[in-house]
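Below is one structure; the comments refer to it alone.
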Amino acid sequence: MSDTTGTKGRLEGKVAIVTGAGSGMGEAIAKLFASEGASVALVDMSEAGERVADEIRQAGGTAQFWTMNVTDEARVEQVFGEVFERFGALNILINNAGVAGPTEPTDKVAFSDWETVFRINAGGPFLCTKHAIPYLRQTPGQTSIVNMSSIYAIIGNADVPVYHATKAAVRTMTKTDAITYAAEGIRVNAILPGTILTPMNLEKARQNPGYLEEMQAIHPLGTIGEPNDIAYAMLFLASDESKFTTGSELVIDGGFTAQ
Ligand SMILES: NC(=O)c1ccc[n+]([C@@H]2O[C@H](COP(=O)([O-])OP(=O)(O)OC[C@H]3O[C@@H](n4cnc5c(N)ncnc54)[C@H](O)[C@@H]3O)[C@@H](O)[C@H]2O)c1
């Protein structure tokens, strides 16, 4: 995007894939990365990603959208190949796409629903990491994968039990992949957000008046998060500013889990 100060963006010259970039935090991450000089490949199973890519281009950034379901291995392989061909590098993968899943307690959840949420929330980051690694390897310098986990990977809550288990899987996958690929200069970190005001939670607020006020009241900072609170942390972990950081998890939750 336009740089009136003459200073370089924090991701200048880098190429980033952001999954789930059509909404919420993925949209905020894609826009922030583009404003910091990255060429951004937006992927989402929703066509909303095209609107976000358009907005980035209109603001002077470099972005292209691909329709992709993160659970479709053949499509992931194809899209990542096209991204590398289009931009000539792959420096950053942001595994952000995810769904909330069933709200029933464990004894009421159908195994098929459990499998679906695991396929998207844990299988998606697995497939995207698997097919990004060959391109990250071919890109000179340090490269970075950031996985979207959740505070519910470290604490429990009786609201969406399957979701929480998927985010714990992502948390541990992060540490294992960090060790596996460290010698190749591929860093892997996770962000563990608390409650962030995105369409996911706006829907809950619509169905349950008073939800937002209740959530604010139980956070030490007296508020819940905004998508950019997570995007700025993603920016740090994606950039070379975090070159000594791998296998780490950054909790961003307004102090909720410090209680
Ligand atoms: N909102 C929160 O409070 C919160 C807290 C912790 C973690 N998270 C996680 O952050 C991530 C983003 O959440 P959000 O709140 O911005 O949600 P959101 O619903 O606003 O956006 C999620 C995006 O992912 C896309 N997506 C879903 N399944 C997909 C699939 N199979 N393939 C490709 N794209 C798919 C959706 O189309 C959507 O555009 C998710 O992984 C979520 O679990 C959210």
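Values quoted throughout were computed directly from the atomic coordinates according to the rules given, and no laboratory measurement underlies them. Predicted model, so just to flag it, every value in this text is computed and none were measured. Glycine also receives a Cβ, built like all others from the backbone with ideal geometry; neighbour counts cover every protein chain displayed.
For region 208-224, take each phi angle, set θ = phi - 60°, evaluate the Karplus expression 6.51 cos²θ - 1.76 cosθ + 1.60, and give the result in whole Hz per residue in order, putting x for glycine and proline.
Using θ = phi - 60°, the values come out as 9, x, x, 4, 5, 4, 4, 5, 4, 5, 8, 9, x, 7, x, 8, 9 Hz.
Applying 1/(1 + (r/R0)^6) with R0 = 30 Å to the Cβ-Cβ distance of Lys8 and Arg86, what FRET efficiency is obtained, to the nearest 0.05?
Working from the Cβ atoms, E equals 0.85.
Between Ile155 and Lys108, what FRET efficiency comes out of the Förster formula 1/(1 + (r/R0)^6) with R0 = 25 Å and r the beta carbon distance, rounded to 0.05?
Working: r = 22 Å, r/R0 = 0.87.
Approximately 0.70, to the nearest 0.05.
Once you've got the GNM for the chain with C-alpha springs shorter than 10 Å, pick whichever of Lys175, Lys108, Lys130 has the biggest mean-square fluctuation.
Comparing Lys175, Lys108, Lys130 in a Gaussian network model of the chain, the most mobile one is Lys108.
Sum up the lysine pairs in region 1-156 that clear both bars: alpha-carbon distance under 26 Å and a spacing of 8 or more or different chains.
Step by step, the pairs that qualify in region 1-156 add up to 4.
Please turn the phi angles of region 97-104 into ³J(HN,Hα) values with the Karplus equation 6.51 cos²θ - 1.76 cosθ + 1.60 (θ = phi - 60°), one per residue in order, whole Hz, x for glycine and proline.
Per-residue couplings from phi come out as 4, x, 10, 7, x, x, 9, 6 Hz.
Could you grab the relative contact order for region 61-191? Cα pairs under 8 Å, six or more apart, rounded to a whole percent.
Dividing the mean separation by the residue count of region 61-191 yields 29 percent.
Residue by residue through region 17-23, what is 3J(HN,Hα) from phi via Karplus (6.51 cos²θ - 1.76 cosθ + 1.60, θ = phi - 60°)? Round to whole Hz and write x for glycine and proline.
Each residue of region 17-23 in turn: 9, 10, 8, x, 7, x, 7 Hz.
In whole Å, largest first, what are the principal axis extents of the Cα atoms in the chain?
In descending order, the Cα extents are 48, 39, 36 Å.
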